Amino acid sequence: ASPSSSASRIGTSDTGVTSPSTPAEPAHHLLFLNSSGEIFSAKECAKFLRSFPLRPGSGDVLLLVMGTKHADTGLDCNVVKGRAVEFVVNSLNTAGSALGIPNLFGINHWKHIETCNEYEHIHVTHYNCAHPDEIELPRYKHISQFVKAELVKIEESTKCSENDIFPLFTNANLRIIQRWVDDSSYVSVFLLERPPFMFSLLPSETEENGPNGRFGVPTVEDWQSLWVAWDFVTMRMMPCSMLYQKPIYLRHICLFYLGHIPTFLDIHLSRLLNEPHTQPEEFKYIFERGIDPNVDDPSQCHASNSKCREDHSEVPQNNEDWPTPDSVLSFRLRVRERLLRLYDDISSGRVQLTRSVARVLFMTHEHEGLHLETLLYMLIQRAGTGTIPPPDFIPPPWESLAASWNAAPRPASPTVVIEATNVTIGIGDLESEDSDPVKSLEVNGHVFGWDNESPKREVAVDAFRIEWRLVTNGEFFEFYKRTTEATDSLSVNDNARLESKLDFPASWAETESGEIQVRTLYGPVPLKIAWNWPVITTYDNLSEYAVVKGGRIPTEAELLVFRDRFLAGYEGGANMGFRNWHPVPGTTGLEHGGGKGHNGGVAEWTSTLWDSYDGFEASGRYPGFSADFFDGAHNASLGGSYAMIPRIADRRSFRNWWQRNYPFCWAGARVAYDL
């Protein structure tokens, strides 16, 4: 994809209606019983599935039936032996009938044998000749003789483990709409689509990728994938009428972010290369820096308590004074072309790939990824009343999904005990080393992070108990209802009057009839649909919930220990990188997989104050990135949401922060308990 391959005009219409990609062609509904697909290796199977003629945005779907296994249970041949034996007996009779002799094969002369290669997940079936046998085919004038114990191979298939499923479908460019599993968990039925975009798997930590390692320098392909996602949201989900609106009062209008992303990139390229800014140069005065004001006093920003308009870009106050959308998009294209020229210069050797060059590429790439999530948590506040649902993705079948979610197994115990341990926080990526004559050239295999991710440091963690799952919408709703009802029942003059500290979650919406619904990018859905999703709300709300329950929000170190042991990443099926456009129930805590799973698709609050620490060095290229928020009002969080790009959400050391009463960030929490 080139910088200009995406749509060049914003929105579709003020009605929020998008036309189907192929309005004259009916959707294709394919059914595939994957015994044929199982004859391939995982790599071959992905290529095979990728060849299916599913058209993004057309409504095409694939219903795929395939054998699966849990990673920790092995290929237990006995799981289906009863059915398999019946199948083999039937197949012998059928083979005889096909050859014109129904009883050709003496059923008592043949046994069914299954063998399993656990390491390669290969399942092999043979006929075993129990007695010497002679098969005569007069029609073909042929006689076959079999000696006792002779094996006749009839089938070899590769069974997917839980760990194989998401890499397989991601490599096949398929997105799971819904999955059904039989009682034995041996057979799964997947409803799949080919989405308009999908993020590739991250390189493995053992792959030799030079500077483009798992969390190294983003490749041109990484940029192109990010641009497709950014353009999808900004060009297809925002009608023109929303460009000059503020979906949330603590941010600029939407148009600002369309200009901010290329301006930030252009400014840092100019500083790095000592080159002029891309025209129009005055964009840097409007779009350089956004706002993150104090929730209680929006006129104040950051730790310095500086006035927002004094410390940030001076933005127009009237709609007509903003640059036109077309001029912003034209500027965006020129900046992207400038970036690609830099990659060409690096490839040709005209520019040396030093740590400084690599850091600018890393920083600007992840800055765009972070703002993609920011923009969406703004847009969700207008979903159903302005924001266009994700076009060309199959809309979620809410009722069917909810039925599957409600029937899913739960942890045998709600909590797990973590013994006392030490945990390493952070990575070795001090920006000051970029100017070291030796280290400045050490780019291959280097892991880049933001200034708050370095240096490495070890923290002692006492034993504690923690819940397998995050607090859900259902759990918080019951708590919210009890608390608000208790508050309402007390008299104003009651000395024991309860002062509720709870705020109504911004992720919820209330209808005119008083029904509580949960916001999604498809519009609000009934609470019963999202009952088991992690609730998205403020730290203050979740801390109040935890305290009343007898617990607390875990520290950053505690949560990191839990995540290291039990959280699956993007490759393991975590809900990130737009696998879904909404949260889903968490999956940690089940017996299979040793409790490993995902949290449902949100960042996680910690009780750790966002502050400096021993060894912290503020970035020289972006000095205020972290340090501006060392104000005592922010707490650290870990991970990312369903809309966070995998290279950020999957990086162990990645840390984010929000004000404890900030209502719009996509973060939840789990409850920890002292021992």
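Please treat every number below as a calculation from the coordinates, not as lab data. Values in this document were obtained by computation on a predicted structure and should not be read as measured data. Because the Cβ atoms are built from the backbone with ideal geometry, glycine has one as well, and the counts that use them run over all protein chains shown.
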Quiz item: Under unit Cβ charges (Lys, Arg +1; Asp, Glu -1), what dipole magnitude, rounded to 20 debye, does the chain have relative to its Cα centre?
Solution: 1340
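Can you give the extra length, in nm with one decimal, that the chain gains between Y285 and E136 once fully stretched, where that is 0.36 nm per residue apart less the Cα-Cα distance? Before the final figure, lay out the partial values.
Details: separation 149, 0.36 × 149 = 53.64 nm, distance 8.95 nm.
Full extension of this stretch gives 44.7 nm more.
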Quiz item: What ³J(HN,Hα) values, in whole Hz, does the Karplus curve 6.51 cos²θ - 1.76 cosθ + 1.60 give for region 340-354 when θ = phi - 60°, with x put for Gly and Pro?
Solution: 5, 5, 5, 4, 4, 5, 5, 5, 7, x, 5, 10, 7, 7, 9
Practice problem: Could I have the simple spin-label model distance between S144 and V189, label points 7 Å from Cα toward Cβ, reported in nm to one decimal? | Solution: 3.5
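Over region 83-158, what is the relative contact order in percent, taking alpha-carbon pairs closer than 8 angstrom and at least six residues apart? Don't skip to the answer; put the middle values down first.
Working: 114 pairs, mean separation 18.4, N = 76.
The value is 24 percent.
As a quick test, which of the pairs K549/K596; K456/K596; K284/K456; K481/K501; K528/K596; K43/K159 have an alpha carbon distance above 23 angstrom in this structure?
On the way: K549/K596 25 Å; K456/K596 25 Å; K284/K456 35 Å; K481/K501 13 Å; K528/K596 26 Å; K43/K159 13 Å.
In this structure, K549/K596; K456/K596; K284/K456; K528/K596 lie more than 23 Å apart at Cα.
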Self-check item: Other-chain or far-sequence residues with amide H under 5 Å of I177's (modelled H)
Solution: L191, L192, E193
Quiz item: Once all Cα-Cα distances of region 389-433 are split into 10 Å bins that start at 0, what whole-number percent is in each one?
Solution: 16, 18, 18, 24, 22, 2
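How big is D, in µm² s⁻¹, for region 83-158 by Stokes-Einstein at 25 °C and 0.890 mPa s if Rh is the Kirkwood radius over C-alpha pairs?
On the way: Rh = 13.4 Å.
Rounded, D is 184 µm²/s.
Go ahead and estimate [θ] at 222 nm for the chain from helices alone: -39,500 (n - 2.57) per DSSP H run with n ≥ 4, summed, over the residue count, rounded to 500.
Working: 15 runs with 188 residues, N = 675.
After summing the helix terms and dividing by the residues of the chain, the value is -8500 deg cm²/dmol.
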Exercise. Report, to the nearest 10°, how far helix 398-407 tilts away from the longest principal axis of the Cα atoms in the chain, using its own Cα long axis and a range of 0 to 90°.
Key: 70
Self-check item: Radius 10 Å from Cβ of Y570, net charge of other residues (Lys, Arg +1; Asp, Glu -1)
Solution: 0
Quiz item: With each pseudo-label sitting 7 Å past Cα toward Cβ, what's the E44-L609 distance in nm, one decimal?
Solution: 6.1
Quiz item: D for the chain, whole µm²/s, Stokes-Einstein with Kirkwood Rh over alpha-carbon pairs at 25 °C and 0.890 mPa s: what number?
Solution: 88
Self-check item: Summed side-chain charge close to E442 - residues other than E442 whose Cβ falls under 14 Å, Lys, Arg +1, Asp, Glu -1
Solution: -2
Practice problem: Given the peptides 273-280, 379-386, arrange them by the average over their residues of other C-beta atoms within 10 Å, most packed first. | Solution: 379-386, 273-280
Self-check item: Segment E458-A95, length gained on full extension (0.36 nm per residue, minus Cα span)
Solution: 124.1 nm
Quiz item: Assuming R0 = 56 Å, what is the FRET efficiency of Q245 and L340, from their Cβ-Cβ distance, to the nearest 0.05?
Solution: 0.95
Self-check item: For a label point 7 Å along the Cα-to-beta-carbon line of E314, residues of region 256-296 with backbone N under 11 Å
Solution: 285-286
Quiz item: Which of the trypsin sites (Lys or Arg not before Pro) across region 145-183 are loop residues per DSSP, with 13 or fewer other Cβ within 10 Å?
Solution: K148
Quiz item: Considering only T263, P195, T94, whose Cα is most displaced toward the positive end of the charge dipole of the chain, charges sitting on Cβ of Lys, Arg (+1) and Asp, Glu (-1)?
Solution: T94
Quiz item: In whole Å, what is the distance between the alpha-carbon centres of region 167-207 and region 634-675?
Solution: 25
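Over region 332-453, what is the relative contact order in percent, taking alpha-carbon pairs closer than 8 angstrom and at least six residues apart? Can you show the working numbers first?
Details: 42 pairs, mean separation 48.5, N = 122.
Here the relative contact order equals 40 percent.
What is region 518-618's relative contact order, in percent, from Cα pairs under 8 angstrom and six or more apart in sequence?
Over region 518-618, the number comes to 29 percent.
Write down the Å³ per residue value for the convex hull defined by the alpha carbon atoms of region 110-224. Please report the intermediate quantities before stating the final value.
Working: hull volume 26.4 nm³, N = 115.
Taking the convex hull of the Cα positions in region 110-224, it is 230 Å³ per residue.
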Quiz prompt | Net lengthening on full extension, S404/V228 (0.36 nm per residue, minus Cα-Cα) | solution = 60.2 nm
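How would you rank 318-329, 125-136, 637-648, highest first, on the average number of other Cβ atoms within 10 Å across their residues? Intermediate results must be reported in sequence, preceding the final value.
Values: 318-329: 14.1, 125-136: 15.6, 637-648: 24.9.
Ranked by mean Cβ neighbours within 10 Å, highest first: 637-648, 125-136, 318-329.
So what is the diffusion coefficient of region 561-648 in µm² per second by Stokes-Einstein at 4 °C and 1.567 mPa s, using a Kirkwood Rh over Cα pairs? Please list the in-between numbers first.
Values: Rh = 14.8 Å.
Taking Rh from Cα pairs, D becomes 88 µm²/s.
What ranking, highest mean first, results for peptides 416-422, 467-473, 549-555 when packing means the other Cβ atoms within 10 Å averaged over each residue? Don't skip to the end; give the middle numbers.
Values: 416-422: 13.4, 467-473: 23.6, 549-555: 18.9.
Ranked from most to least packed, the peptides come out as 467-473, 549-555, 416-422.
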Quiz item: Once amide H atoms are placed 1.01 Å from N in the peptide plane, what residues at a sequence separation of 5 or more from G668, or on another chain, have their amide H within under 5 Å of its amide H?
Solution: A603, E604, W605
Self-check item: Overall Cα dimensions of region 278-428 - principal axes, largest extent first, Å
Solution: 60, 45, 42
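All other residues with a Cβ under 10 Å from the Cβ of T170 taken together, and with Lys, Arg as +1 and Asp, Glu as -1, what is their net charge? Before the final figure, lay out each step's value.
Working: positive: R175, R579; negative: E571.
Summing Lys/Arg as +1 and Asp/Glu as -1 gives +1.
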Exercise. Only residues of region 394-414 count here: report those whose backbone N is under 15 Å from the spot 7 Å along Cα→Cβ of W180, or say none.
Key: 397-408
Quiz item: Given just the C-alpha atoms of region 423-462, how large is their convex hull per residue in cubic angstrom?
Solution: 68
Exercise. Could you give me the radius of gyration and the Dmax of region 378-495, taking only the C-alpha atoms into account and expressing both in angstrom?
Key: 24.5, 72
Exercise. Take W223, W398 and order them by how many other Cβ atoms sit within 10 Å, fewest up front.
Key: W398, W223
Quiz item: So what's the projected area for region 349-395, the Cα convex hull averaged over all directions, in nm²?
Solution: 5.5
